[in-house]
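Bear in mind that the values in this text are calculations on the coordinates, not laboratory data. All figures in this text were calculated on a predicted structure; none of them were measured in a lab. Positions of Cβ are backbone-derived with ideal geometry, glycine not excepted, and every protein chain shown enters the neighbour counts.
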Number of protein chains: 2
Amino acid sequence: MLDSVLVHAPATIANLGCGFDVLGLALTAPYDVVRVSRSATPGVQIRHLDHYKLPTDPARNVAGGALLTLLRHAPAGTGFAVEITKGIMPGSGVGSSAASAAGAVVGANALLGNMFTPMQLVDFAMDGEAVASGARHADNIAPAIYGGFTLVRSVAPTLDVVPLAAPPLWVTVVHPQIEVKTADARKVLPTSVPLNRAVRQWANVGGLVAGFLTADYELIGRSLEDYIVEPARQPLIPGLAEARRQALAAGALGGGISGSGPSVFMLNVTEVTAQEVGAAMGRVFAALGIDFRVYVGPIATQGARVVEEF
Amino acid sequence: MLDSVLVHAPATIANLGCGFDVLGLALTAPYDVVRVSRSATPGVQIRHLDHYKLPTDPARNVAGGALLTLLRHAPAGTGFAVEITKGIMPGSGVGSSAASAAGAVVGANALLGNMFTPMQLVDFAMDGEAVASGARHADNIAPAIYGGFTLVRSVAPTLDVVPLAAPPLWVTVVHPQIEVKTADARKVLPTSVPLNRAVRQWANVGGLVAGFLTADYELIGRSLEDYIVEPARQPLIPGLAEARRQALAAGALGGGISGSGPSVFMLNVTEVTAQEVGAAMGRVFAALGIDFRVYVGPIATQGARVVEEF
C-alpha cells in the first residue's frame, strides 16, 4: 500500500481563443509539485514549501478545498497530509489554483487505489477552484486532470468534460509581470452579446474543435479569434495588441489571453517558431518596461500525474 | 463536350441543433432535379417543370440568381438553359431554394469542365439564396454543395466552409403542413443574448462538432440542444415540444427545428429508430389535425451531383 506520492500538476490555458469558459489545454511547464501522504489524523493538513504565503487552512486553500470534498466520498477516517511547492505563480493566468487542486486530488486518488474517475476528480477539484475564485468552474481543472485539449460542455446540472485529441503543437506563453485583478477582468465582461457576434464566436468554436481533431493547423489559426471576451479585456494588458501582431508576424498560428490574463499564449507548428514568437512578444513587453517570463513547450498529453511513489 | 447534364440537388438541414447559422447537413431525400443545358443564347433561361409557380425571370429565381453570378466568372458569351423539377416543397424548412441554386451551379460547372472549386460554387449559389431571402447565407448551400456535415465558419469578409466527417446517422424529418413565415421566424430572434447562455451554446457547438468527428453518438445527443434560437421559435410550430418528447422517448439522439421551420428533424443511430421516431412525431401532429410528411434517410455523403450526362 502506498504511503505517499509525488505529483506533477501542469499549468493550463483556459478561455482558449474563442472558447471562453469551455476550451482549455495543458502545458508541460510550469507545474506545481504536490506531495500527498497518508495521515493518521482524519481530514487534511496543508503545508506550502514555496514563498507565496498562501493560506494553509484547508477550507481556505485550493488543494484543501478539493480534498475536503473528495474526503466526503472516501472511507471514513481517511486523512491526508499535503505539501505543495508551487512552480506556477499565483495570478499569472495559467491555472495556478487549478494545478494545486488537481495535483492534490490525483495524489489522494492514487493513495486510495484510484477509486475515483477522472470526471469525479474534476468535480472535486472544482471545489478547490471555488475557494480561490468563488465559482465552481472547470475550464482549467479539466485539462489539469485529463491533459491535452479539453471541452467543458457543461458544468451544471451535469458535469460533462470531453477530452479531445490534439495535433502536435508548440505553445508559447509569455507572462508579463503585471497584475490583472480577477475582479477587473470580470467587470469588463459584457453581460449580453449581440446575436450575430455570438454566432461568429460559436462558428469559431466549431472551427477550433474541428481544427484540433483533424490536425488542420490553418483552420486552428483562423478559428482562434475571440470576438467577445478578448476585445473587452485587451485594455487590461498593455502591449497585448502589439504583442499579438509581432507573434503573428513571427509565424504563430494565433492565440490570445490565457485565462483572464495577464499571460498571453500563442500556438505554433514548430518549436523554432514558438521560441521566435516568445522572443518577439518579449521585446514588446520589454519596450514597455514590463518584466516578463516566457515558457515554450508542447501541449502536455497528460494531466496531473504521479511521478514518484513511496 | 457535354451539352446537357441532369443534377440531383439534396434537401438540407440548416441551423442544426445548437449550430444556428453555421452547422448543416445534407439529406438523401427529398431532392430537386435540375437539368442544365448549353444555350446558344448568352445568359440564363429558366423553366420550372413543377407546379409551384415560382418566378422564371433569372434575376428573381434562385437558380437564376446563382447562375448570373457564375456567368460573371465564366467565358464571355456562355449561356445556360435550366429546367427545374422541384422535389422539395418551397417553404418547408429543408433548404428548397438552396437546392435549386446548388443544382444549377453544379450543373453549369460540369458543362464548363469543372473550372470552379466547390467553395466558389457556394459563393455563387449564395447569390441565389439572396434572391429568395434577401441575405447571402451559406448554411443550407454549404451542405447542398459539399454533402455531409458542414460548418460555415465565416461568410464575410471571407467565405470559409469546413466540410466535416459524419458517422453513420439516420435522419428523420417531419414536415407539418403549416406555414412559418420567414419574416416571423426572424422577428422572434433575440438581437442580443446573455453571455452565460451564449457560452452554453458554444459549448454545445464544440460538443456537436466533436461528436460528429469522433462518432460519439451520446455526445451528439447531449450537444444538439439549442438554448437560444429554438426556445424563441418553438411557439411558431404547434406540437413541437410534444413531438420532441415523443421522438426522444422513441430513441432519437436529439434534434430540433430544421432551418427556420416548420420541418422538424431528429438524428438517430438506426433506420428502425428513425422510422419509429417519424411515426411518433407524426402522431403528435395528426392529433392536432395537422397534415405532415415524413422523410427518413441517412445523411447524404454527396451534395448536388450530376446523375446523367448528354
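Brief remarks follow.
- Around the Cα centre of the stretch A:4-164, unit charges on the Cβ atoms of Lys, Arg, Asp and Glu (plus for the first two, minus for the last two) sum to a dipole of about 300 debye.
- The stretch A:1-62: C-alpha gyration tensor shape, a/c 1.5 cut-off, then a/b vs b/c: prolate
- Going from the residue with the fewest nearby Cβ atoms within 10 Å to the one with the most, B:57, A:184, B:32 rank B:57, A:184, B:32.
- For the stretch B:108-113, 3J(HN,Hα) per residue [Karplus equation, 6.51 cos²θ - 1.76 cosθ + 1.60, θ = phi - 60°, Hz, x = Gly/Pro]: 4, 4, 4, 5, 9, x
- Label 7 Å beyond Cα on the Cβ vector: residue A:158 copy-to-copy distances, nm: 3.8
- What the pair-distance distribution of the stretch A:170-298 shows, using all Cα-Cα distances binned every 5 Å from zero, is 2, 11, 20, 21, 20, 15, 8, 2, 0 percent.
- Inter-copy label distances at residue B:40 (7 Å, Cα→Cβ; nm, one decimal): 10.7
- The value of relative contact order for the stretch B:175-310, using C-alpha pairs under 8 Å at least six residues apart, is 26 percent.
- Whole-Hz couplings from phi, Karplus 6.51/-1.76/1.60, listed for the stretch B:30-38; x for Gly and Pro: x, 8, 8, 10, 10, 9, 10, 10, 5
- Net charge of neighbours whose Cβ lies under 10 Å from the Cβ of residue B:95, counting Lys and Arg as +1 and Asp and Glu as -1: -3
- Inter-label distance, residue A:40 to residue A:158: 4.5 nm, where each label sits 7 Å from its Cα along the C-beta direction.
- Each helix, a run of at least 4 DSSP H residues, gives -39500 (n - 2.57); summed and divided by the residues of chain B, these come to -11000 deg cm²/dmol at 222 nm.
- Within the stretch A:146-282: Cβ-based charge dipole about Cα centre, in debye rounded to nearest 20 (Lys, Arg +1; Asp, Glu -1): 420
- Estimated FRET transfer efficiency (residue B:59, residue B:214; beta-carbon r; R0 56 Å; 0.05): 0.80
- Using only alpha-carbon positions in the protein assembly as shown, the gyration tensor eigenvalues give semi-axes of 51, 28, 19 Å once each is multiplied by 5 and square-rooted (largest first).
- A:281, B:89, A:115 arranged by Cβ crowding within 10 Å, fewest neighbours leading: A:115, B:89, A:281
- Segment residue B:294-residue B:245, extension gain: residue separation times 0.36 nm, minus the distance between their alpha carbons: 15.9 nm
- Exam field: residue A:72 pseudo-label spacings to other copies (7 Å along Cα-Cβ), nanometres: 6.3
- Once C-alpha pairs closer than 8 Å and six or more residues apart are averaged by separation and normalised to the residue number of chain B, the relative contact order reads 25 percent.
- Distance cut-off 31 Å, percentage of C-alpha pairs in chain B lying past it: 27
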